[in-house]
1. Pull out all pairs, ordered by first then second residue, where Cβ-Cβ is under 7 Å, the residues are six or more apart or on different chains, the first lies in the stretch 83-103 and is of a type in the set (A, V, I, L, M, F, W, C), and the second is assigned to a helix (DSSP H, G or I) and open to solvent by 20 Å² or more (accessible area, probe 1.4 Å).
2. How many residues are touching a helix residue (DSSP H, G or I) at 6+ places or on another chain (Cβ under 8 Å) and outside any helix (DSSP H, G or I) when one looks only at the stretch 80-93?
3. Just to check your reading of the model, which residue among Glu201, Glu236, Glu165, Glu214 is modelled with pLDDT of 95 or more, surrounded by fewer than 20 Cβ atoms within 10 Å (Cβ to Cβ), charged (D, E, K, R) and closer than 19 Å to Thr27 by Cβ?
4. List pairs: first residue in the stretch 44-61 and farther than 10 Å from Ala30 by Cβ, second residue open to solvent by 40 Å² or more (accessible area, probe 1.4 Å) and of a type in the set (Phe, Trp, Tyr) anywhere in the structure, Cβ distance under 8 angstrom, at least six positions apart or on different chains.
5. Hey, any hits in the stretch 134-155 for a residue that's charged (D, E, K, R), open to solvent by less than 20 Å² (accessible area, probe 1.4 Å) and within 22 Å of Thr218 (Cα to Cα)?
6. When only residues in the stretch 58-79 that are surrounded by 15 or more Cβ atoms within 10 Å (Cβ to Cβ) and assigned to a helix (DSSP H, G or I) count, which is modelled with the lowest pLDDT?
7. List pairs: first in the stretch 180-194 and under 26 Å from Lys235 (Cα atoms), second open to solvent by less than 30 Å² (accessible area, probe 1.4 Å) and in a loop (DSSP other than H, G, I, E, B), Cβ under 8 Å, 6+ apart or cross-chain?
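The values are calculated or read from the model by the stated rules, or taken from the named source; none is laboratory data. Bear in mind that the values here come from a model prediction, so they are computed numbers and not experimental data. Positions of Cβ are backbone-derived with ideal geometry, glycine not excepted, and every protein chain shown enters the neighbour counts. Ligands, DNA and RNA are stripped out before the accessible areas are found, and what is left, the full protein with its side chains, is counted by its heavy atoms. Shrake-Rupley method; radii C 1.70, N 1.55, O 1.52, S 1.80 Å.
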Amino acid sequence: WCMDDGPESMEESLAMASIAADEGISTMVATPHCIDEKDLTGFAQRVEEKCQQLNKALDREGIPLKVIPGAEVYMDLDILEWTGLDELTLGNTNYILVEMPMREVPCYAEDFLYHIQLRGLTPIIAHPERNRVIMEDPNQLIRFIELGSLTQINTGSITGLFGPEVQESARILLTHNMGHVLGTDAHSRGKRGPYMREAIELTHKWLGEDRAEEIIMTNPRKILQGETLEVDPPKEYRRKKRFFGLFGKRR
């Protein structure tokens, strides 16, 4: 059943769907990793078939959730040479989810994103808050956003599932207009389940009601409807300076 590191059975998928529905989610996009897949059309067809099977099971079980096919495309220049890339979009839109390596921002990242856009597609960079280079320098994202890319922040990152450093990275990106939508990045019914409520609460706390609702509701709806998404320009992050040695310790 599983295409990579997601649920290993229909039973697990239905359990995840039930959690998602309880969390207030009505629509999810299935985004299995697309890495080293030269037959992109075949990959897209397998995702479509899995989604159809799951949606039928959801209807039978009375779980109020719809699953839309998509993919998480690894940032590899070779994939640009293969046909069928436009079949890996989120639903039948022109938005496509792309993933960078976790420990680097590749020197070819801008070129990759540019060629994606030349095909009429809008790249959405998955979980940049977990990328080691961006964690150290959030401003690395600014040029990509200014050139037309969007970003998706993981709910688990917001809630601290991946540790305080990643949580702070997520907060910085969201509060500096470098986060545009949320994604559960769900893998199972356990810790990596499709949880939203706590992340929504924190997003409201960090951003205020209007900005939070834009990221949580408005932007995802526009993306899945294939509408053009206009976003506020990113703000440069300025790390707080620490001053040492100005005052001696009291003894």
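1. So the pair list comes out as Leu90/Leu224; Met102/Arg130; Met102/Arg132.
2. Looking only at the stretch 80-93, we keep the residues that are touching a helix residue (DSSP H, G or I) at 6+ places or on another chain (Cβ under 8 Å), and these are 80, 82-85, 87-88, 90-91, 93.
From what is left, the residues that are outside any helix (DSSP H, G or I) are 82-84, 90-91, 93.
Number satisfying all stated conditions: 6.
3. Values: Glu201 fails: closer than 19 Å to Thr27 by Cβ; Glu236 fails: closer than 19 Å to Thr27 by Cβ; Glu165 fails: closer than 19 Å to Thr27 by Cβ.
Step by step, each of Glu201, Glu236, Glu165, Glu214 is checked, and only Glu214 is modelled with pLDDT of 95 or more, surrounded by fewer than 20 Cβ atoms within 10 Å (Cβ to Cβ), charged (D, E, K, R) and closer than 19 Å to Thr27 by Cβ.
4. Listed by first residue and then by second, the contacts come to nothing, as the list is empty.
5. Of the residues in the stretch 134-155, the ones charged (D, E, K, R) are 136-137, 143, 146.
Add one more test, that the residue is open to solvent by less than 20 Å² (accessible area, probe 1.4 Å), and what stays is none.
No.
6. Ile79
7. His180/Leu229; Leu182/Met196; Gly183/His127; Thr184/Ile25; Thr184/Gly193; Thr184/Pro194; Thr184/Met196; Asp185/His127
Residue by residue, here is whether (1) acidic (Asp, Glu); (2) within 24 Å of Pro32 (Cα to Cα); (3) not in a loop (DSSP other than H, G, I, E, B) holds:
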residue: Glu110; (1), (2), (3): yes, yes, yes
residue: Leu141; (1), (2), (3): no, yes, yes
residue: Ser157; (1), (2), (3): no, yes, yes
residue: Arg189; (1), (2), (3): no, yes, no
residue: Leu202; (1), (2), (3): no, no, yes
